[in-house]
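**Q** Sharing a structure here in structure tokens format.
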Amino acid sequence: MYASTVRGLLVRGMLAGLIAGLFAFAVAYVVGEPPVRDSIAVEEAAAAQEAAPASGHAGHGGEAPAEEEEEELVSRPVQSTAGLATGVLVYGVALGGIASLAFSFALGRVGRFSPRATAALTAAGAFATVYLVPFLKYPATPPAVGNPDTIGQRTTLFFLMILLSVLLGVGAIVLGRRLAPRLGNWNATLAAGAGFVVATAVAFTVLPANDDAVKPEFPAALLWEFRLASLAVQLVLWVVFAVVFGLLAQRLLATRTDGADVTSRQEAPAVG
């Protein structure tokens, strides 16, 4: 029974992630694509200005050999539509499945919350640990605005921050559960939350900064617009997931509970 329930929650989590991905894609396309497009335009303009003086001094008679432009494997219109949709939907389904497994573990273990409330808490915790905390340390940057030689290093640091954030979040939950019998649920939650904040601050101090993630001449307003759009996409994704998955999980678990009650009554021996 337990395995089939977890399987049912996993399927519903992936479905909720798909639906949330559709909403997130709409936000990404409407709000996120304009700053991405403008960022690429800024980078192309800067590259053209850097190439212009060099071409005037190259070759004979001021003529420089024409450089062959790299052919794009995927055109920009395809990247901003089908490519964006595919990436966001796959991301939503994957995270929805993982979040549903976390929900299965948390249900009944973090307090006497309903499935909907547990789904909301799971989504909030996932949003905070998987995205918000790493975002505060290593904010999102538009494409083609940083030093390409350090992309690998910056990616490694970002995923390391995600791993640390998730581990610290799990540690805070374990700490809260152990403190609850002595301090009470409310005080234990506050203590665990404070511990998470302190440990996160230490991680922020220890890990190096992305000093070359954005070129100094890049427009600050455009950078701020892109980062707000990135935050909005993630927020919409997790809010929609919490609502949809909470509803689906509530219905599934209510059905399983009713079925178990009927079975127990049928199997109970008659008295008298």
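One line per residue, one yes/no per condition, for (1) free of Cβ contacts under 8 Å to residues at least 24 places away in the same chain; (2) among the aliphatic types (A, V, I, L, M); (3) touching a helix residue (DSSP H, G or I) at 6+ places or on another chain (Cβ under 9 Å):
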residue: ARG112; (1), (2), (3): yes, no, no
residue: ARG116; (1), (2), (3): no, no, yes
residue: ALA120; (1), (2), (3): no, yes, yes
residue: GLY169; (1), (2), (3): no, no, yes
residue: PRO181; (1), (2), (3): yes, no, yes
residue: GLY184; (1), (2), (3): yes, no, no
residue: LEU207; (1), (2), (3): no, yes, yes
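**Q** Please indicate, with yes or no, whether at least one residue in the range 138-148 is buried (at least 18 other Cβ atoms within 10 Å of the Cβ), under 27 Å from LEU247 (Cβ atoms), in contact (Cβ under 8 Å) with a residue 60 or more places away in the chain and of a type in the set (Phe, Trp, Tyr).
**A** No, the range 138-148 contains no residue that is buried (at least 18 other Cβ atoms within 10 Å of the Cβ), under 27 Å from LEU247 (Cβ atoms), in contact (Cβ under 8 Å) with a residue 60 or more places away in the chain and of a type in the set (Phe, Trp, Tyr).
**Q** For the range 106-158, give me the residue count where each residue is among the aromatic types (Phe, Trp, Tyr), modelled with pLDDT of 85 or more and farther than 19 Å from GLY32 by Cβ. Spell out how you get there, then give the answer.
**A** Taking the range 106-158 first, the residues among the aromatic types (Phe, Trp, Tyr) are 113, 127, 131, 135, 138, 158.
Filter once more, so that each one left must be modelled with pLDDT of 85 or more: 127, 131, 135, 138, 158.
Next, only the ones that are farther than 19 Å from GLY32 by Cβ stay: none.
Count: 0.
**Q** Just give me the residues in the range 55-92 being of a type in the set (A, V, I, L, M), open to solvent by 40 Å² or more (accessible area, probe 1.4 Å) and either modelled with pLDDT of 55 or more or in contact with a Leu (Cβ under 7 Å, 6 or more places away or on another chain) (or both), in sequence order. Write out each step before concluding.
**A** Of the residues in the range 55-92, the ones of a type in the set (A, V, I, L, M) are 58, 64, 66, 73-74, 78, 82, 84-85, 88-90.
Keeping just the survivors that are open to solvent by 40 Å² or more (accessible area, probe 1.4 Å) gives 64, 66, 73-74, 78, 82, 89-90.
The answer is LEU73, VAL74, VAL78, ALA82, LEU89, VAL90.
**Q** Looking at LEU132, is it in a helix (DSSP H, G or I), open to solvent by less than 40 Å² (accessible area, probe 1.4 Å) and among the hydrophobic types (A, V, I, L, M, F, W, C)?
**A** no
The values are calculated or read from the model by the stated rules, or taken from the named source; none is laboratory data. In this text the structure is predicted, and so the values were computed from the model without any measurement. Backbone-built Cβ (ideal geometry, glycine too); neighbour counts: all protein chains shown. Accessible surface is based on the protein model in full, side chains and every heavy atom, while ligands, DNA and RNA are left aside. Shrake-Rupley method; radii C 1.70, N 1.55, O 1.52, S 1.80 Å.
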